[in-house]
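See structure below.
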Amino acid sequence: MLSRLPLRLCALILSLSLAASTPAAAQSAGAAPTVEQALSLTPIQKGVEYDKPTAGDAKQCSIKAEREGKSTSWVVRDGAGRILRRFADANADNVVDTWCYYAGGLEVYRDVDSDYDSRADQYQWFHTGGSRWGVDANEDTKIDSWRRISPQEVAEEAFLAVQTKDQGRFERLLLSAEEARSLGLGKTLAERFEEQRKQAASEFRKLVAEQKSFDAKSRFVDFGAPRPGVIPAGVDGSTKDVVVYENASALVDAGGQPEQLLLGSLVQVGDGWRLVEAPRAGGAGPELANVFSVPTMSENAAALGAPSEKVQAWMSELDKLDREAMNAPANQRDKLTDRRVELLEQLAGSATNEEEATQWYKQLAGLLTAAVQADGYRAGIAKLAALERSPGVQRIGKDLQAHFRYQRIGAEQGYALRDPKADYAKVQDQWIKNLEQFVGAFPTSPDTAEALLQLGSMAGEFAGEPKVAEKWYRQAASEFPQTVAGKKAAGALRRLGSIGKPLALSGDTLSGKRVSLTAAPFRGRYTLVHYWTSWSNPETDFATLDALRKKYRGKFEVLGVNLDSNTDAAKSLASRARTPWEHLHDEKGLDGQLATEMGVINLPLMMLVDSQGRVVNRNLHAGELDSELQRVIR
């Protein structure tokens, strides 16, 4: 019962954090944890930037137990209703096992007790906090390995390892022998890696003992590298494509002086990236060897060179302002955005080639759109329009102009919906009209493929207009057949025309089995195909489906299709929900084959097939399923 939960959860919240007070403090607080107790908890990993209300602001905060499916969470909100903290009982055993921290209403970090033994063993960063996912196998609060980490985050971690002389932190970034074997490298590359790996630890110790460039005041600014390249399968006997960065570096502000930490080559392993050798301070020692030979990348790096002092100073200031903006009061954000926009324009204008300029301009477009939608930065809409017409953008070409127009359309919609009195239907109609005009003005732009997909979904399917949906999907599929949006549009057309046709669906499940709709237990039974993710809140639907599965035992079955890129998150939720049916899984998520072949855009999606595997309903909700089954099952 919820009424019995607060005292126990409060004690556990306070006892399972490193910075917490004792459980007795919670016991003395009464039936529920206080805002003060909840806000006193801090992330296990250092350096997380999250909202920390002042003592005055904390008085306006509230804490409340909220149901999420079968589980319960303590949620702390500020005076405006934005979430600050969430302490969740994910497996519904009345014990807190997930500690979440927010910035600007978005979750940026969480500590996770995935094996439910009251000690965190995973640490994850989200949204503006980054993408890292660390594993702490022995639960000593220190990350043992990275399940997910981006090249930018590898560069920052490498710099921090050098700055703090942390050998373990560096070695966590280094490609292991097992990971190297998984890459399917050819003989020459494998031997070259092995040689570098053996030398890396001693070379790192030598670097931190001798280097004088990076002290306690130095600060990571950015990741620098040419575009990544692919070594195709077959080179030197390799069996898989290998994605690499060469000549990578960490750009550092060393007391006002721009410096570089040379990283050499980075290789992609699953959802993460790894170093293949010890770094060097810029200009120190012999040049780093490229473990993987991709000549065009090396040539590009030599041509581009390192950023100038002026450019690096701008990048350093931009990084500082980005961090400040995360926790800035609402009345200061516009000023910070003004300066960030100015810096990005300067960086785009000083770019040495069109590719570099395009990257800065696209970052600028993204910043303006996010500021308009999240903070009501009204000037952003006019700025997007002005940049679309600017000489710099026009010089690069029409595709970049189209990108600014497309971003402006989204910004205008987001700004309009911020008004509590907004007429949603009118805002939606104007957005659709703007998208239609965009498609006419920029028929070949890469952004047009996504616009056509949005039109098919929102102006067509969502509005109950299948013919309209078919029109837009068909245009996307025919004019952009090689894009993700074009392929998904083709899948959506297939789904819209699926009634009465067999649904071919098979693959590997979360439990490791191989299943097919044409085989048992689905053959001869009506089957609901349920597309879901851990973030689409499927728990209530799971409960409904489980009840109907029991009601129509032997005549009705369920097959889940999970589209999480995070396999562990999907397995954890399915386990907590105790779903007795199988779930197909595609780690490529909404961009993977399972989603693309049926044009899955919005979740959840449910399709009902008959005992012969033919589609009888291509889009229904869990609440409609019982009446539908009563209609079709005799």
### Residue among 616, 630, 190 farthest towards the positive dipole end of the chain, charges placed on Cβ
630
### Task
Write down the Å³ per residue value for the convex hull defined by the alpha carbon atoms of the stretch 334-411.
68
### Query
Of the listed peptides 386-398, 180-192, what is their order by residue-averaged count of other C-beta atoms within 10 Å, with the highest listed first?
180-192, 386-398
### Task
Calculate the tail of P(r) for the stretch 521-581: the fraction of all Cα-Cα distances greater than 16 Å, expressed in %.
42
### Per residue accessible area in Å² of the stretch 333-466, where ligands, DNA and RNA are left out and the probe is 1.4 Å
48
### Message
Which lysines, if any, have their Cα less than 22 Å from the Cα of residue 240, not counting same-chain residues under 8 positions apart?
### Response
187, 588
#### Entry: Cross-link partners of residue 550 among lysines (Cα-Cα below 20 Å; sequence separation of 8 or more within a chain)
70
### Query
Accessible area per residue, 1.4 Å probe, Å², for the stretch 467-591: what's the number?
48
### Task
Please work out the C-alpha center-to-center distance from the stretch 464-488 to the stretch 328-397 and express it in whole Å.
31
### Task
For a quick protection proxy, order the peptides 420-431, 201-212 by their average other-Cβ count within 10 Å, most packed first.
201-212, 420-431
### 336, 417, 608, reordered so the largest accessible area comes first (probe 1.4 Å)
417, 336, 608
### Task
Enter the Cα centre distance for the pair the stretch 195-211 and the stretch 574-620, rounded to the nearest angstrom.
49
### Task
Let me know the Rg and Dmax you get for the chain when you use only its Cα atoms, in Å.
26.5, 80
### Task
Run the accessible area of the chain with a 1.4 Å probe and give the carbon-and-sulfur part as a rounded percent.
49
### Message
Is there a quick way to get the dipole size of the stretch 539-634? I mean about its Cα centre, with the Cβ of Lys and Arg at +1 and of Asp and Glu at -1; what is the value in debye to the nearest 20?
### Response
560
### Message
Please report the antiparallel percentage of the DSSP beta bridges confined to the chain, to the nearest 5.
### Response
85
### Task
Rounding to the nearest 20 debye, state how big the charge dipole of the chain is about its Cα centre with +1 on each Lys and Arg Cβ and -1 on each Asp and Glu Cβ.
1860
### Summary
Given unit charges at Cβ for Lys, Arg (+) and Asp, Glu (-), the dipole magnitude of the stretch 44-177 about its Cα centre in debye, nearest 20, is 460
#### Entry: Among 332, 499, 168 the positive-end extreme of the charge dipole of the chain (Cβ point charges)
499
### Query
What residue among 44, 255, 583 has its Cα farthest toward the positive end of the dipole of the chain, where the charges are +1 on Lys, Arg and -1 on Asp, Glu, each on the Cβ?
583
### Message
A 28 angstrom limit on the alpha carbon distance is what I want to check against. Which of 206/320; 46/320; 421/488; 52/335 exceed it?
### Response
206/320; 421/488
### Message
If you take every DSSP beta bridge fully contained in the stretch 487-634, what fraction is antiparallel? Give it as a percent rounded to 5.
### Response
50
#### Entry: Accessible surface ranking that places the most exposed of 634, 523, 119, 148 first, with a 1.4 angstrom probe
634, 523, 119, 148
### Task
Please say if the stretch 82-173 is rounded, prolate or oblate, where rounded means a/c under 1.5 for a ≥ b ≥ c the square roots of the C-alpha gyration tensor eigenvalues, and otherwise the choice is prolate for a/b larger than b/c and oblate otherwise?
oblate
### Task
Take the alpha-carbon centre of the stretch 36-95, take the same for the stretch 524-569, and report the distance between them in whole Å.
30
### Query
Rounded to the nearest 500, what is the chain's calculated 222 nm mean residue ellipticity when only DSSP H runs of at least 4 contribute -39500 (n - 2.57) each, over all residues?
-13500 deg cm²/dmol
### Query
If you take the square roots of the eigenvalues of the alpha-carbon gyration tensor of the stretch 432-480 and sort them as a ≥ b ≥ c, do you get rounded (a/c under 1.5), prolate (a/b over b/c) or oblate?
oblate
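The values are calculated or read from the model by the stated rules, or taken from the named source; none is laboratory data. None of the values given here were measured: they were computed from a predicted structure. No Cβ is skipped: glycine too gets one built from the backbone with ideal geometry, and neighbour counts run over all protein chains shown. Quick note on the areas: whole protein, heavy atoms, side chains included, nothing else; ligands and nucleic acids left out. Shrake-Rupley method; radii C 1.70, N 1.55, O 1.52, S 1.80 Å.
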